[in-house]
Amino acid sequence: MTSTIEPTEPIEPLSVEQLSETTLLRFATAGSVDDGKSTLVGRLLHDSKSVLTDQLEAVEHASRNRGQDTPDLALLTDGLRAEREQGITIDVAYRYFATAKRRFILADTPGHVQYTRNMVTGASTAELTVVLVDARNGVVEQTRRHAAIAALLRVPHVVLAVNKMDLVDYREPVFAAIAEEFTAYASELGVPEITAIPISALAGDNVVDPSANMDWYGGPTFLEHLETLPVSHDLATCHARLPVQYVIRPQTAEHPDYRGYAGQIAAGAFRVGEAVTVLPSGRTSRIASIDLLGEPVDLAWTTQSVTVLLEDDVDISRGDLIVPTKDAPATTQDIEATVCHVADAPLTIGHRVLLKHGTRTVKAIVKDIPSRLTLDDLSLHPHPGHLVANDIGRVKIRTAEPLPVDSYADSRRTGSFILIDPSDGTTLTAGMVGESFASPEPVRAEADEDGWDF
């Protein structure tokens with residue numbers, strides 16, 4: 001079946017006022033090779049009128065050069081030369097677009113097993129993950145792997161997009177069987193919400209507009225679900241956290257004593273008059289005022305970039321964490337976490353690294369690697385000794401300085417970290433503090449033979 005691409009009608013861009021009234025949804029796509037991820041993204045961008053005229057002309061030109069009669073919408077996201085030549089996705093492609101109802105940041109991630117680390121990168125900040133399945137093949141090994149990664153990263157919403165329904169004659173039993181199998185597997189992993197949608201990215205069925213070929217499906221289209229999914233944060237239950245990025249001291253005649261602590265609120269909300277503690281020092285004070293975009297406010301919440309002024313002169317610098325005194329996390333030098341190794345060089349026991357948590361970077365040593373997780377069947381391989389690229393496993397880390405870390409299950413922002421190679425700054429590993437859905441048995445920590453104990 002060939003797709004029909006109508007010329008994109010020029011539309012008025014959303015105003016600043018309209019954008020400020022819409023919410024932001026970060027989502028990632030994942031699936032096996034040739035399941036149609038990039039085509040779905042391209043169709044979504046095209047049919048939602050989020051493609052500029054010159055972009056569409058470039059895709060049409062590239063498609064003609066490849067001998068295709070109609071534009072290949074996958075080329076809207078497959079931007080690397082190797083991706084276009086092979087017809088696959090290798091890197092994570094980020095696209096930003098908006099409709100009248102919501103703004104979106106989309107991460108199109110690769111489907112190959114060797115690019116698992118790229119999927120982890122794209123989904124780490126996502127509030128929704130789209131797992132594509134080819135209706136002809138059903139749930140395969142890579143589908144289970146992506147569901148496991150979504151559960152491991154605590155992505156709150158998962159959409160199962162059963163693609164290529166046109167190639168199975170839009171039969172409802174095919175969709176129902178795939179949806180039932182995937183939902184059962186993902187639910188066992190602890191995925192809190194799963195929505196299954198039958199689509200044809202090539203033909204446009206149920207992507208933006210409802211399909212006339214699947215009258216048996218009464219649910220939302222793909223875009224409708226993205227636009228109406230609730231993504232509001234329950235500020236009453238979030239642990240309020242403000243990593244300090246910069247200390248502002250103008251020392252001018254107008255502001256001789258101004259001392260503000262700037263950063264993006266990682267979780268929860270802060271209000272003027274609230275008692276706060278600065279970690280890791282443990283010093284306490286109260287919030288005297290909060291500046292947001294140059295204006296004073298009484299309350300600020302998650303993702304807002306603010307400047308906080310305290311009632312007392314407290315020694316605070318970049319890397320410190322401001323938290324409510326009544327909800328301060330414990331500081332520790334011993335961290336147990338689930339990690340995904342992203343570097344080509346292996347991670348080994350005794351590896352000396354830099355650990356970046358929020359805005360703070362400290363020296364650390366990998367004390368133990370108790371297990372490696374096999375995503376195919378969720379089995380644990382005990383004491384592997386090292387982790388190679390794309391491996392997911394458990395590690396024990398000792399830091400040179402105490403860190404105020406949360407469990408990743410409680411806070412994805414302050415419960416995560418990365419390990420960095422101190423010699424060249426290469427990112428080695430992405431980590432999630434606390435237990436995963438498949439926790440290994442406790443393993444006794446051994447002393448470092450070289451005397452590098454912190």
For the stretch 186-200, state whether one or more residues are surrounded by fewer than 19 Cβ atoms within 10 Å (Cβ to Cβ) and at pLDDT 95 or above. yes
Selection from the stretch 250-280 of residues that are closer than 24 Å to VAL362 by Cβ and β-branched (Val, Ile, Thr): ILE265, VAL276, THR277, VAL278
Take the stretch 151-175 and flag every residue that is open to solvent by 50 Å² or more (accessible area, probe 1.4 Å) and in a helix (DSSP H, G or I). LEU167, GLU172, PRO173
Those residues of the stretch 361-391 which are among the basic types (Lys, Arg) and at pLDDT 95 or above amount to LYS363, LYS367
Residue list for the stretch 300-313, filter: open to solvent by less than 10 Å² (accessible area, probe 1.4 Å) and at pLDDT below 95: ALA300
Read through the list (1) at pLDDT 95 or above; (2) outside any strand (DSSP E or B), then give the number of the only condition that ALA148 fails. (1)
Scan (1) more than 18 Å from the chain's Cα centre (by Cα); (2) part of a helix (DSSP H, G or I) for the single condition VAL120 breaks and write down its number. (1)
Taking the stretch 390-417 and keeping residues open to solvent by less than 30 Å² (accessible area, probe 1.4 Å) and among the small types (Gly, Ala, Ser) leaves GLY393, SER411, GLY415
Counting only residues in the stretch 418-427 that are touching a Leu at 6+ places or on another chain (Cβ under 7 Å) and aliphatic (A, V, I, L, M), the one surrounded by the most Cβ atoms within 10 Å (Cβ to Cβ) is identified as LEU419
Considering only the stretch 316-323, I want to know if a residue exists there that is touching a residue at least 60 places away in the same chain (Cβ under 8 Å), open to solvent by 40 Å² or more (accessible area, probe 1.4 Å) and assigned to a loop (DSSP other than H, G, I, E, B). yes
Among (1) more than 24 Å from VAL433 (Cα to Cα); (2) open to solvent by 20 Å² or more (accessible area, probe 1.4 Å); (3) among the polar types (S, T, N, Q), the one test that ASN206 misses: (2)
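The values are calculated or read from the model by the stated rules, or taken from the named source; none is laboratory data. All values derive from a computational prediction rather than experimental measurement. Every residue, glycine as well, gets a Cβ built from its backbone with ideal geometry; the counts of neighbours run over all protein chains shown. Surface accessibility is based on the protein's heavy atoms, side chains included, excluding ligands, DNA and RNA. Shrake-Rupley method; radii C 1.70, N 1.55, O 1.52, S 1.80 Å.
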